[in-house]
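The values are calculated or read from the model by the stated rules, or taken from the named source; none is laboratory data. Because the structure is a prediction, the values reported are computed rather than measured. Every residue, glycine as well, gets a Cβ built from its backbone with ideal geometry; the counts of neighbours run over all protein chains shown. Just so you know, the surface numbers come from the protein's heavy atoms only, side chains and all, with ligands and any DNA or RNA stripped out. Shrake-Rupley method; radii C 1.70, N 1.55, O 1.52, S 1.80 Å.
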Amino acid sequence: MVFLSNQEVACILEHVKADREKDHRQPPSMMLESLDYVKRNCGVNAMTKIEKFTQSLRSRLEALEHGAAAEKLHKYEIAALFNLIQTDSEASEATELIPSLKRFDSEFIEQQVLEACQKEMEELMI
């Protein structure tokens with residue numbers, strides 16, 4: 001099963017739209033509405049910047065390990081982090097929005113997970 005962030009959905013829909021337009025076909029109105037929605041919710045319109053951001057952040061989050069068992073974030077948690085976390089989010093907010101993160105201590109969430117998200121978001125906005 002694949003879990004995508006709003007940013008990744010925006011990139012996919014943008015590519016589909018471009019392919020349809022190249023073939024002189026009108027994209028369906030529902031697809032255009034979905035594209036507008038995800039673009040509005042990802043905060044940036046430069047698709048190349050978004051692609052770089054999503055690839056970089058996904059790699060950073062997938063690489064994180066916690067504790068002796070080297071427990072990792074689930075794919076759905078990574079997608080939820082993309083969509084829900086802001087540059088000023090705190091560990092308590094993350095665990096309220098994504099309850100499965102409660103299996104990690106707040107220090108790991110604050111210093112590893114949120115810091116990775118916030119650094120990538122700050123670079124995206126530059």
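Under Stokes-Einstein, with the Kirkwood radius over Cα pairs standing in for Rh, what whole-number D in µm²/s applies to the chain at 25 °C and 0.890 mPa s? Walk me through the numbers on the way to the answer.
Numbers: Rh = 15.6 Å.
The estimated diffusion coefficient comes to 157 µm²/s.
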Would you please give the residues with an amide H less than 5 Å from that of Glu71, counting only those at least 5 places away or on a separate chain, with H modeled from the backbone geometry? His66
How much area per residue is accessible in the chain when the probe is 1.4 Å and only protein heavy atoms are counted (Å²)? 61 Å²
Per-residue ³J(HN,Hα) for the range 72-83, Karplus 6.51 cos²θ - 1.76 cosθ + 1.60, θ = phi - 60°, Hz, x for Gly and Pro: 10, 6, 6, 4, 5, 5, 5, 4, 5, 4, 4, 8
Rounded to a whole number, what % of the accessible area of the chain do carbon and sulfur atoms account for, probe 1.4 Å? 51 percent
Got a sec? Charge dipole of the chain, +1 on Cβ for Lys and Arg, -1 for Asp and Glu; which of Ile98, Ser59, Gln111 is way out at the positive end? Ser59
Could you size up the charge dipole of the chain around its Cα centre, putting +1 on the beta carbon of Lys and Arg and -1 on that of Asp and Glu, and report it in debye to the nearest 20? 580 debye
Taking θ as phi - 60°, what are the ³J(HN,Hα) couplings along the range 92-106 by the Karplus curve (6.51, -1.76, 1.60), each to the nearest whole Hz, with x for Gly and Pro? 4, 5, 4, 6, 6, 6, 10, x, 5, 6, 5, 6, 9, 6, 5
